[in-house]
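Here is the structure we will look at, set down as structure tokens.
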Amino acid sequence: MESRNGAQAPFFICDPDQKPRYFVMRPSTIPDHSASLVWSTSRYQVDLRVVRVMGIVNVTPDSFFDGGRSSAAVALKHCETLLQQGADLLDIGGESSRPGAESISADQEWQRIEPVLRDALSLGVPLSIDTCKPEVMQRALDLGADIINDIRALGADGAMDVVVNHPQCGVCLMHMSGHPPTMQAAPWHVDIVSEVRDFLAERVLALVERGVDRQRIVLDPGIGFGKRVEDNFALVRGQQALLDLGHPVLAGWSRKSSLGAVTGKPVSDRLCASVAAALAAAQCGARILRVHDVDATVDALRVWSAAGLL
């Protein structure tokens, strides 16, 4: 079986105890300089020489696009559907971070996430937990999660300690201006690319100085998080500045309001715009695309790869 870009299908190299440790795809030709494009996580080494699709699994009643999966059974079925459509990773979240969203307690967030994570651990792919709460991070990693995806870039008290003290987990550090309840009230930036680059560089340095291997770290510019429409598009044009920090970039454009601003379409009609933005981010160097619409994104990547554009 072939992958979406003509490579061999994913395979696993197991430890002696037969637990999967590597999640890789081997293209027919691999340039030597790409050998460092690996995301080291709790159970898997994710090969980022191929652009990866991260499927969004919102276990929330109030997410801006696909909330309402309060049932663990419904959420798990969605996980399975995303994998059938070609997702390489899953990102499970129990608290909405849409503009205007209100925070919930760590216990409430964990009650939403825990049953989905527990069942999804058997699906055979890396699992990311979208949370900014140290208590939820710790519980998720203890249960077996592979990645912590934090919109606050481990800024909460104790969050960095959780990741530092875990020997292998992957982490995605995101830039956000302000906080979800008010971040879109009146965002203002003079040079958004430099601001995001400098912030993420500081957060990376803080982790590395505490002993976290650089291969565990991925960066997210935080599209839509306290940024104007023009800021978001400046970030995709200036994505190379983030790549120059030496870490893979995760892009999360899916269904965002900036796409509505340029198309005039409501969130329910932003599929085409989302795929176009994902391709633009990938062509500018992003290695992970965090999306709601896995099927369409995977098809687009296949076409782009067949045309030699990725």
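For this structure, a couple of remarks:
- Val275 being open to solvent by 40 Å² or more (accessible area, probe 1.4 Å), at pLDDT 95 or above and either part of a helix (DSSP H, G or I) or over 26 Å from Glu230 (Cβ atoms) (or both): no
- Put simply, of Ala286, Ala281 the only residue that is open to solvent by less than 20 Å² (accessible area, probe 1.4 Å), in contact with a strand residue (DSSP E or B) (Cβ under 9 Å, 6 or more places away or on another chain) and not in a helix (DSSP H, G or I) is Ala286.
- Selection of the range 124-168 for residues being of a type in the set (A, V, I, L, M), assigned to a helix (DSSP H, G or I), under 27 Å from Lys227 (Cα atoms) and open to solvent by 10 Å² or more (accessible area, probe 1.4 Å) yields only Met160.
- Residue in the range 219-238 that is closer than 15 Å to Ile147 by Cβ and of a type in the set (A, V, I, L, M, F, W, C) present: yes
- Note on the range 16-65: enclosed strands (runs of 3 or more DSSP E) holding 3 or more residues that are within 30 Å of Ser257 (Cα to Cα) and at pLDDT 95 or above are 52-58.
- Lone unmet requirement of (1) out of contact with any helix residue (DSSP H, G or I) (no Cβ under 9 Å at 6 or more places or on another chain); (2) under 18 Å from Ser105 (Cα atoms) for Pro167: (2)
The values are calculated or read from the model by the stated rules, or taken from the named source; none is laboratory data. Treat the numbers as computed from the prediction; the structure is a model and nothing was measured. Quick reminder, even Gly has a Cβ in these numbers, built from the backbone with ideal geometry, and neighbours come from all protein chains shown. Heads up: the accessible areas ignore ligands, DNA and RNA and are worked out on the full protein's heavy atoms, side chains in. Shrake-Rupley method; radii C 1.70, N 1.55, O 1.52, S 1.80 Å.
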